[in-house]
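Asks: Let me give you the structure first, and then I'll get to my questions.
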Amino acid sequence: MTDANAPDQGRDIIIDVDLSKRTSELADRNLDLLDAHGVTAIDVLGSVGSGKTTLIKGLVRHLKDRYSIAVIAGDITTRIDADRIEEEGVPVLQIQTGGACHLDGEIVRRALERLDLDSIDLLIIENVGNLICPAAFPIGTHTRLLLLSVTEGPYMAVKHPVMVRQADVAVINKADLADAMEVDVAKLSDDVRSVHPGIKVVTTAARFDEGIDDLIEALGLSGDCCCAGGCCDA
Amino acid sequence: MHDVTAAQRIASTVLHAAHERQARRVEQISIALGAMTMIDPDQLTFWLEQVLRGTVAEGAEIEIEQLPLIVRCTRCDSESEVAVPDDPIYHLMPFAPACPACGCEEIEIVGGDACVVRSMRITEASDDE
Ligand SMILES: Nc1nc2c(ncn2[C@@H]2O[C@H](COP(=O)(O)OP(=O)(O)O)[C@@H](O)[C@H]2O)c(=O)[nH]1
Ligand SMILES: [Mg+2]
Ligand SMILES: [Zn+2]
């Protein structure tokens, strides 16, 4: 502070910080941290009740002998999901967003600090049940897995184009209820592909453990691969 | 992004910069707000005032310049301004911009999707205090 600056005179300071860039920078930093520790991370997105927790339990059951898994469960409140996933015998960290409708890079970074990343090779993150807002908040994972269930009706893919375009793998869950809901699973899968050409689409009935192996293959975690799904596109 | 989240991030950016420069007070904050952020400037101002309470930036004058959404079409290569509908239910029906020239949705957003904290005016700490 020079004397030339009179104490009460305002001074203009250029800041020029782009908040949306900061959002993706935070995500990139998480990804770097995960890569440095050899952890493959999956962000699981879907509406409330679409079956995220059920599906994660299924994935954990099928994969825990081959991978050292940890789960982060994001919810507005409660640790019900964390308790459900813990039944599968893997460490679960519950994040309570306290009202926020999405996880963001900052919240996830703090969660990563509390995990022993060196002892983990697969991290599954259950995002908050919402298909709009998480689309604007990448959290820094290798794969974004989008869960649609037939009980949400036939228009979920076309109504959420932003999210569908960002997903790497889409799951159509609750296939067992398709007839009762009068939803055509093939049509819904086509909708997903027309919004996002090239996306992998898998049909499951997570509650009955159906389609989990197909999903594991689509995620590149089927074990025929040399890595935990991160290094090659097999 | 949401108005509350945006307000919190703007506040932490401003307060960090103010702290670095040992500002005694932040008098004014200048923000550029793209139309595609779908943040309402009045709501943003309201939340900013709330989160800045009790800080050196309490009561700062908040200046928001709104920037239009500009898209470039990858088909017909034209660049144009697109009106963003002022739709309170955008949470339920996301807005997908199209090229006004040819109507296709194969567009790139070239401007109006950012929220930038541009500058602030501060009063510096005086040495004799
Ligand atoms: N019929 C049927 N129900 C399912 C299926 N997957 C999940 N559910 C049920 O849907 C409800 C919500 O599941 P949950 O995993 O908690 O959803 P989340 O809110 O997305 O985590 C539970 O009652 C599950 O048993 C499925 O494939 N078929
Ligand atoms: Mg759940
Ligand atoms: Zn065009």
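Asks: Once you've got the Cα coordinates, tell me which of A:LYS57/A:LYS200; A:LYS21/A:LYS159; A:LYS57/A:LYS174 are over 19 Å apart.
Replies: In this structure, A:LYS57/A:LYS200; A:LYS21/A:LYS159 lie more than 19 Å apart at Cα.
Asks: Going toward the positive end of the dipole of the protein assembly as shown, with +1 on Lys and Arg Cβ and -1 on Asp and Glu Cβ, which of B:PRO100, B:MET38, A:ASN173 do you reach last?
Replies: The residue sitting farthest along the positive end of the dipole is A:ASN173.
Asks: Now, a different point. Kindly provide the GluC sites (Glu not before Pro) of region A:129-219 that DSSP labels as loop, not H, G, I, E or B, and whose Cβ sees at most 11 other Cβ atoms within 10 Å.
Replies: A:GLU182
Asks: Just for region A:10-218, what percent of DSSP beta bridges are antiparallel, to the closest 5?
Replies: 5
Asks: What does the buried accessible surface come to for B and A, summed over both chains, with the probe at 1.4 Å? Round to 100 Å².
Replies: 2600
Asks: Give the relative contact order (percent, whole number) for region A:10-218; include only Cα pairs under 8 Å separated by 6+ residues.
Replies: In percent, rounded to a whole number, it is 24.
Asks: Report the FRET efficiency, 1/(1 + (r/R0)^6), for B:GLN66 and B:SER12, where r is their Cβ-Cβ distance and R0 is 22 Å, rounded to 0.05.
Replies: 0.45
Asks: Could you size up the charge dipole of the protein assembly as shown around its Cα centre, putting +1 on the beta carbon of Lys and Arg and -1 on that of Asp and Glu, and report it in debye to the nearest 20?
Replies: Roughly 520 debye, rounded to the nearest 20.
Asks: Moving on to the next point. Using the Karplus equation 6.51 cos²θ - 1.76 cosθ + 1.60 (θ = phi - 60°), what ³J(HN,Hα) coupling, rounded to whole Hz, does each residue of region A:206-216 give in order, writing x for Gly and Pro?
Replies: 3J(HN,Hα) across region A:206-216, in whole Hz: 4, 4, 10, 6, 9, x, 5, 5, 4, 5, 4.
Asks: May I pose another question? Using θ = phi - 60° and the Karplus curve 6.51 cos²θ - 1.76 cosθ + 1.60, what whole-Hz ³J(HN,Hα) does each residue of region A:36-46 get, with Gly and Pro shown as x?
Replies: 4, 9, x, 9, 9, 10, 10, 9, 9, 10, x
Asks: Using helices alone, I'd like the mean residue ellipticity at 222 nm for chain B: each DSSP H run of four-plus residues gives -39500 (n - 2.57), total over residue count, nearest 500.
Replies: My calculation for chain B gives -7500 deg cm²/dmol from helical runs alone.
Asks: Near the amide H of B:SER119, under 5 Å away, which other amide H atoms are found, from residues 5 or more places off or on another chain, if H is placed in the peptide plane?
Replies: HN-HN under 5 Å from B:SER119: A:ILE15, A:ASP16, B:SER30.
Asks: Follow-up. What does the charge count near B:HIS2 come to, summing +1 for each Lys or Arg and -1 for each Asp or Glu among other residues with Cβ under 12 Å from its Cβ?
Replies: -2
Asks: Once you charge only the Cβ atoms, +1 for Lys and Arg and -1 for Asp and Glu, what is the size of the charge dipole of region A:101-156 about its Cα centre, to the nearest 20 debye?
Replies: Magnitude of the dipole: close to 160 debye.
Asks: Which of B:GLY112, B:ILE62, A:SER194 sits closest to the plus end of the dipole of the protein assembly as shown, meaning its Cα is farthest towards the positive end, when Lys and Arg get +1 and Asp and Glu get -1 on the C-beta?
Replies: Sorting the options by dipole projection puts first A:SER194.
The values are calculated or read from the model by the stated rules, or taken from the named source; none is laboratory data. These numbers were taken from a predicted model, which means no experiment stands behind them. Here Cβ is always computed from backbone atoms with ideal geometry, including for glycine, and neighbour counts include all displayed protein chains. To get the accessible areas, we keep the full protein, side chains included, count just its heavy atoms, and leave off ligands, DNA and RNA. Shrake-Rupley method; radii C 1.70, N 1.55, O 1.52, S 1.80 Å.
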